[in-house]
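Input: a single structure, listed below in C-alpha cells.
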Amino acid sequence: MAENNATLTVDGKDYQLPITEGTLGPSVIDVAAFQKAGYWTYDPGFMVTAPVESKITFIDGGKGELLYRGYPIDQLANNAEYLEVAYALIHGELPNAEQKTEFYKKIHSHTAVHDQLRKFFEGFRRDAHPMAIMVGVVGALSAFYHEGFDVNDVRHREITAIRLIAKMPTLAAMSYKYSQGEPFMYPRNDFTYAENFVYMMFATPADVNFQVNPIIAKALDKIFTLHADHEQNASTSTVRLAGSTGANPYACIAAGIAALWGPSHGGANEAVLEMLDEIGTVENVPAFMEKVKSREVKLMGFGHRVYKNFDPRAQVLKETCDEVLHALGINDPKLELAMALEKIALEDPFFIERNLYPNVDFYSGIILKAIGIPTSMFTVIFSLARTSGWISHWLEMHSEPFKIGRPRQLYTGETQRDFVEIEDRK
Ligand code: CMC
C-alpha cells in the first residue's frame, strides 16, 4: 500500500504521486495524477510501465530470478509436472494429492475437441504454417463456447481454463498431422500430458504398439513448465488487453498466440534453427559473427528484454539439452554448430559487454530439433505451454474490477486542416 509520495511539479504546481510497494521488485509510482496535471506519460515499449497488479509471476532480470507463485523456476522444472505448475499458476498454490487427482481428472475429460472442428483444419492449405492454423482453430473454439458463456460466472471462467489447457496439445498435434497428411490421433487419457502430446504427434493408427520415449516426454514436460508464464510479456499483455474488453476468452488466447508468433518473442526458437540453416557449417561462424556485430543480423536465441545477466530457464534447459542429446545419441551437424555458436558467443567481448547470453529459446530449439519436432512446430509448443500462464492472467484480471485497456499516444501528425477536392490535390 502507498507509504510515501513522489512529487510532480508542473507549471509551478505540485502534484502528489503515491508510491506503492510490491512484495518484490521495484516500487511503482502511481501516475494517475498526470491526468489532473494535463499530461500523459510516454514510455515506448512499456519499459517502465506496470499496467496491472499481479500475484502470479515475478522476474528479477538482474538476478536472473523467475518465480511462479513464489516458487523458483528451477525447483518447479526439476520436481513438478507441468499440470501441477498450471494448477499453481491458476490457483496460487501447488495442488495437494487430492487436488492434483481432481485437476488431472478434469483435464483428461476435456482433451478431445468437437468433431466439427476437424473440418475447420481442412480449410487450410497443407503447407500452412501451424501457428496460422493455431490462431484460427483456437479462435474458432470461441464459436463452440460462446452461447451461454458468462464471463462474470466464476465456474464458466474456470471450465474455460480447463478446456484450454486440455485441448491445446490436441489442437497442436492436429496442426502437425494436417501438414503431414496423416490422420489425426485421438487423445489417450492413460498417458500423462506430455506423453499424450508425443503420442498424438508421432503415432499413427497403423502403429498399434507405439511407445512413448520417457526421455522425450520428460524433456517436453520441462519445456512446458519453463515456458508456462513470464509475467506481462507481449503475448500475455495482448491476452489481458483483449480480455479487458470482455471478449470471449478463446478469442483472447488466439490473440495471444498471434502476438507470440513474432521472432522477437515466441518465434525465436524457430528463428534459431533457421539461423543455423543459414550459417550452414562451423567454418562459416566467424563470417556470420561479423554480420551480427555490424548489426546486419541478430544472433537468434541470444539476449532478452528482461534478463540482462542470464536466463534462469536457459540454465535448466541447458542441462536437459545435454541429457537429451546424450541419451538419444544424436549426432547432428546442426546441433554441433549450435554448440560451437554458443561457445564463441559466450567468449566474445561483443556479447559479454552487452550481457547477451543464450535464452530459453536457444536450448528449446535444439532439444525440439533433437527429438524430431519440425521447426515450424516450435512456437506452437511454446503457445501450448504458455496457455496456462495466459489463462491465469485472464482469470486474475476477471477476479477483480478492471478497466478496459486504452493506452494514450504522443501525436506527431498533421494539425487540423481543411478537406481538399481531388482535382486540387498534389
Ligand atoms: N544479437 C546481436 N545483438 C543483440 C542481440 C542479439 N540477439 N540482442 C540484443 N543485441 C544488441 C543490440 O543491438 C544492442 O546493441 P547496441 O547497444 O550496441 O545498439 C544491445 O544488444 C541491447 O539490445 P536491445 O535491442 O536494447 O535489447 P532489447 O531488450 O530491446 O531486446 C530482444 C531483447 C530479445 C528483442 C533481443 O535481444 C533479440 O532480438 N534477441 C534475439 C531474439 C530472441 O532470441 N528472442 C527470444 C527472447 S526469449 C523468449 C521470450 O521470453 O519471449
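List of remarks:
- Take every pair of alpha-carbon atoms less than 8 Å apart whose residues are at least six positions apart; their mean separation over the length of region 122-191 yields a relative contact order of 42 percent.
- For the residues THR281, THR236, THR57, a GNM of the chain with alpha-carbon springs under 10 Å puts the largest fluctuation on THR281.
- Taking 0.36 nm per residue of separation and subtracting the Cα-Cα distance, full extension of the segment from ALA97 to TYR411 would add 107.5 nm.
- Calculated FRET value between PHE419 and GLN35, using beta carbons and R₀ = 35 Å, to 0.05: 0.60
- In a DSSP loop and with at most 10 other Cβ atoms within 10 Å, the chymotrypsin sites (Phe, Trp or Tyr not before Pro) in region 1-89 are TYR42.
- Max mean-square fluctuation residue, GNM over the chain, Cα-Cα springs under 10 Å, options SER54, SER294, SER237: SER294
- Taking PHE302, PHE224, PHE351 in turn, the Gaussian network model of the chain (Cα-Cα springs below 10 Å) assigns the largest fluctuation to PHE351.
- Stokes-Einstein diffusion coefficient of region 5-50, Kirkwood radius over Cα pairs, 37 °C, 0.692 mPa s, in µm²/s: 281
- Cross-link partners of LYS403 among lysines (Cα-Cα below 25 Å; sequence separation of 8 or more within a chain): LYS36, LYS55
- Net charge of Cβ neighbours under 12 Å - reference ASN284; Lys, Arg +1; Asp, Glu -1: -3
- Only one residue of LEU276, TYR357, ASN309 has its Cα farthest out toward the positive end of the dipole of region 267-371, where Lys and Arg carry +1 and Asp and Glu -1 on Cβ, and that residue is ASN309.
- Normalised by the number of residues in the chain, the average gap of Cα pairs under 8 Å and 6 or more apart makes the relative contact order 20 percent.
- P(r) weight above 24 Å for region 200-339, C-alpha pairs, percent: 49
- Among complete DSSP H helices in the chain, those whose alpha-carbon atoms stretch at least 20 Å along the helix's long axis and whose mean Kyte-Doolittle hydropathy reaches -0.5 are 130-144, 154-180, 312-327, 333-347, 378-398.
- Computed about the Cα centre, the dipole magnitude for region 267-371 is approximately 420 debye when only Lys and Arg (+1) and Asp and Glu (-1) carry charge, each at its Cβ.
- A cut-off under 15 angstrom between Cβ atoms defines the neighbours of GLU296, and their net charge, with Lys, Arg +1 and Asp, Glu -1, is +2.
- Order of ARG126, ARG118 under a 10 Å beta carbon neighbour criterion, fewest first: ARG126, ARG118
- Global form of region 27-183, assessed from the alpha-carbon gyration tensor, a/c cut-off 1.5: prolate
- With the biggest extent put first, the Cα atoms of region 83-139 measure 45, 20, 15 Å across the principal axes.
- Note on the chain: helix-only mean residue ellipticity at 222 nm, from DSSP H runs of 4+ residues weighted -39500 (n - 2.57) and normalised by residue number, equals -16000 deg cm²/dmol.
- For the chain, the C-alpha radius of gyration divided by 2.2 N^0.38 Å, with N the number of residues, is 1.07.
- The count of lysine pairs in region 267-371 whose Cα atoms are under 18 Å apart, excluding pairs fewer than 8 places apart on the same chain, comes to 10.
- Cα gyration tensor, region 267-371 - rounded (a/c under 1.5), prolate or oblate: oblate
- Put a dot 7 Å past the Cα of SER109, heading toward its Cβ, do the same for ASP14, and the two dots end up 6.1 nm apart.
- Inter-part distance where region 221-268 and region 58-97 are each reduced to a Cα centre, Å: 18
Computed from the coordinates by the stated procedures, all read-outs in this text should not be read as laboratory data. Keep in mind it's a predicted model, so treat the numbers as computed, not measured. A quick note on method: Cβ atoms are made from the backbone with ideal geometry, for glycine too, and the neighbour counts reach across all protein chains shown.
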